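The values are calculated or read from the model by the stated rules, or taken from the named source; none is laboratory data. Not measured: the values here are computed from a predicted model. Here Cβ is always computed from backbone atoms with ideal geometry, including for glycine, and neighbour counts include all displayed protein chains.
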Amino acid sequence: MNSPAGSTFVYVTFIRTTPDALWSALTRREFTERYWFGAHHETDWQAGSPWQLRFADGTLADEGEIVESEPGRRLVIRWRHAMRPELTAEGYSLCTLDLEPLGDVVKLTVTHTIEQPESKFIDAVSGGWPRVLSNLKTLLETGDALMKEWIAAR
């Protein structure tokens, strides 16, 4: 979604799990590598701490800072892409993950925003987040990720 003020991508999914288990999957390397195609986060998950997303070979994909961290409830990351110059040039975005328990499921809402209108970065994450979050949901509900490697959209 684009507006004169910026660009936003929102993804909502419902996962049969607990807020604590989902938080653990979002923040612990042994989970992240399984659904994020081998990538992992480097941070201590405390507000104000640096944050990086790295591929299995150590390549820096994204970087930023933890803005908010409420285990089992909410995570906000100040996020900048680090690999493609045209995306890096757009500056920092804000990625908010809200976890809401609803009975025996958790509603996960990912909202990724940037002040850049018609953002190429938001276009890129709108293709990436659905793959990552589908993998996460399947991993938590079945014990195995949906996709083992990145599959290009056709």
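Return a yes/no flag: does the stretch 65-86 have any residue that is in contact with a helix residue (DSSP H, G or I) (Cβ under 8 Å, 6 or more places away or on another chain), buried (at least 16 other Cβ atoms within 10 Å of the Cβ), of a type in the set (A, V, I, L, M) and within 17 Å of Lys120 (Cβ to Cβ). Yes: the stretch 65-86 contains one or more residues that are in contact with a helix residue (DSSP H, G or I) (Cβ under 8 Å, 6 or more places away or on another chain), buried (at least 16 other Cβ atoms within 10 Å of the Cβ), of a type in the set (A, V, I, L, M) and within 17 Å of Lys120 (Cβ to Cβ).
Find all pairs meeting these conditions: Cβ atoms under 8 angstrom apart; at least six residues apart or on different chains; first residue within the stretch 19-32 and more than 18 Å from Val105 (Cβ to Cβ) and of a type outside the set (Phe, Trp, Tyr); second residue modelled with pLDDT of 95 or more and part of a helix (DSSP H, G or I). Pairs that qualify, where the first residue is more than 18 Å from Val105 (Cβ to Cβ) and of a type outside the set (Phe, Trp, Tyr) and the partner is modelled with pLDDT of 95 or more and part of a helix (DSSP H, G or I), are Thr32/Ala25; Thr32/Leu26.
Only one of the numbered conditions (1) of a type outside the set (D, E, K, R); (2) at pLDDT 95 or above; (3) crowded, with 18+ Cβ neighbours inside 10 Å; (4) closer than 25 Å to Ser7 by Cα is violated by Leu140, and that is (4). Counting the residues of the stretch 17-48 that are loosely packed, with under 13 Cβ neighbours inside 10 Å, on the phi < 0 side of the Ramachandran plot and in a loop (DSSP other than H, G, I, E, B) gives 3. Has the stretch 55-63 got any residue that is among the hydrophobic types (A, V, I, L, M, F, W, C) and at positive phi? No.
Within the stretch 54-73, how many residues turn out to be in a strand (DSSP E or B), of a type in the set (A, V, I, L, M, F, W, C) and more than 28 Å from Leu102 (Cβ to Cβ)? Lay out the reasoning, then the answer.
Filtering the stretch 54-73 for residues in a strand (DSSP E or B) gives 54, 60-70.
Now drop any that are not of a type in the set (A, V, I, L, M, F, W, C), which leaves 60-61, 66-67.
In the following step, the residues that additionally are more than 28 Å from Leu102 (Cβ to Cβ) were identified as 60-61.
Result for the stretch 54-73: 2.
Among all residue pairs at least 6 apart or on different chains, which show Cβ distances below 7 Å where the first residue, located in the stretch 93-106, is without any contact (Cβ under 8 Å) to a residue 60 or more places away in the chain and the second is buried (at least 16 other Cβ atoms within 10 Å of the Cβ) and not in a strand (DSSP E or B)? Every condition considered, the pairs that remain are Ser93/Phe121.
Looking across Arg84, Arg78, one residue alone is among the charged types (D, E, K, R) and within 13 Å of the chain's Cα centre (by Cα). It is Arg78. Only residues that are farther than 23 Å from Glu33 by Cβ and either more than 17 Å from the chain's Cα centre (by Cα) or among the charged types (D, E, K, R) (or both) were counted in the stretch 120-153, giving 2. The lone criterion from (1) at pLDDT below 95; (2) in contact with an Asp or Glu (Cβ under 6 Å, 6 or more places away or on another chain) left unmet by Arg78 is number (1).
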